[in-house]
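The values are calculated or read from the model by the stated rules, or taken from the named source; none is laboratory data. In this text, all values refer to a predicted model and were calculated from it rather than measured experimentally. Positions of Cβ are backbone-derived with ideal geometry, glycine not excepted, and every protein chain shown enters the neighbour counts.
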Amino acid sequence: MKSFVAAVMKIDEIKNLLYEQTSEEINNEIQKLCSKSDPSILRNSSKEAMESFSWNDINKELPNRTPRFVQFVKAAVNNPSHSRNVHKKDDIILPAMCDAACKLISIFNENMSLPRKIKSVILKKAGLKKVGFVRLQSL
């Protein structure tokens, strides 16, 4: 089966159609994740949600609700050299991978920004002034 798929992927027209279809599926997954009728934990920015925030919770929700999107994000961070690196194991990569996924989702829908709001609170409590937030906003 893998060799069949590899052969099909060599045909540019079919490959482009497959990528389009996959992109559409990812877009649909993220739209459903952002829906108000079945809210994501990323939408809740209450004090309680911020206090109980965990990357593990994000890692449980995203694969269940957006499996193709998670597959895309994992493919983007899956460096074969990580398997030989004792410091870059899943538990170390997980927060950065989830954070990257959350950033992309918050670009899609600005209300899906719980991790960003938590970081803002932390920076504000640490004494960051308005100028610092303005400078960080463009990053």
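Pairs please, first residue from the stretch 18-45 and within 22 Å of residue 117 (Cα to Cα) and basic (Lys, Arg), second anywhere and surrounded by 14 or more Cβ atoms within 10 Å (Cβ to Cβ) and modelled with pLDDT of 95 or more, Cβ atoms under 7 Å, 6+ apart in sequence or on different chains.
32/65
Would you confirm, using the coordinates I've provided, whether residue 40 is in contact with a Ser or Thr (Cβ under 6 Å, 6 or more places away or on another chain) and not aromatic (Phe, Trp, Tyr)?
Details: in contact with a Ser or Thr (Cβ under 6 Å, 6 or more places away or on another chain): no; not aromatic (Phe, Trp, Tyr): yes.
It is false that residue 40 is in contact with a Ser or Thr (Cβ under 6 Å, 6 or more places away or on another chain) and not aromatic (Phe, Trp, Tyr).
How many of the residues making up the stretch 40-60 are part of a helix (DSSP H, G or I) and either touching a strand residue (DSSP E or B) at 6+ places or on another chain (Cβ under 7 Å) or farther than 21 Å from residue 94 by Cβ (or both)? Can you show your working first?
Initially, the stretch 40-60 is screened for residues part of a helix (DSSP H, G or I), giving 47-51, 55-60.
Still in the running and either touching a strand residue (DSSP E or B) at 6+ places or on another chain (Cβ under 7 Å) or farther than 21 Å from residue 94 by Cβ (or both): 47-48.
Number satisfying all stated conditions: 2.
I'd like to know if the stretch 74-89 contains one or more residues that are touching a Pro at 6+ places or on another chain (Cβ under 8 Å) and either of a type outside the set (Lys, Arg) or loosely packed, with under 13 Cβ neighbours inside 10 Å (or both). Quick ask: steps written out before the conclusion?
Step one: of the stretch 74-89, the residues touching a Pro at 6+ places or on another chain (Cβ under 8 Å) are none.
Looking for residues that are touching a Pro at 6+ places or on another chain (Cβ under 8 Å) and either of a type outside the set (Lys, Arg) or loosely packed, with under 13 Cβ neighbours inside 10 Å (or both), one finds none in the stretch 74-89, hence no.
Do we have residue 59 as loosely packed, with under 13 Cβ neighbours inside 10 Å and modelled with pLDDT of 90 or more here?
On the way: loosely packed, with under 13 Cβ neighbours inside 10 Å: no; modelled with pLDDT of 90 or more: yes.
For residue 59, the condition - loosely packed, with under 13 Cβ neighbours inside 10 Å and modelled with pLDDT of 90 or more - is not met.
Quick one: residue 55 ticks every box in (1) free of Cβ contacts under 8 Å to residues at least 60 places away in the same chain; (2) out of contact with any Cys (no Cβ under 7 Å at 6 or more places or on another chain) except a single one, so which number is it?
(2)
Does the stretch 31-58 hold any residues that are under 15 Å from residue 104 (Cα atoms) and in contact with a Leu (Cβ under 6 Å, 6 or more places away or on another chain), and which are they?
Across the stretch 31-58, the qualifying residues are 40, 42.
Filter the stretch 45-82 down to the residues that are polar (S, T, N, Q) and more than 16 Å from the chain's Cα centre (by Cα) and list them by number. It would help to see each step written out before you state the result.
Taking the stretch 45-82 first, the residues polar (S, T, N, Q) are 45-46, 52, 54, 56, 59, 64, 66, 71, 78-79, 81.
If the condition is that a residue be polar (S, T, N, Q) and more than 16 Å from the chain's Cα centre (by Cα), then 45, 46, 52, 79, 81 are the ones that fit.
Out of 30, 41, 58, 26, which single residue is of a type in the set (Val, Ile, Thr) and touching an Asp or Glu at 6+ places or on another chain (Cβ under 8 Å)?
On the way: 30 fails: touching an Asp or Glu at 6+ places or on another chain (Cβ under 8 Å); 58 fails: touching an Asp or Glu at 6+ places or on another chain (Cβ under 8 Å); 26 fails: touching an Asp or Glu at 6+ places or on another chain (Cβ under 8 Å).
Matching residue, one of 30, 41, 58, 26: 41.
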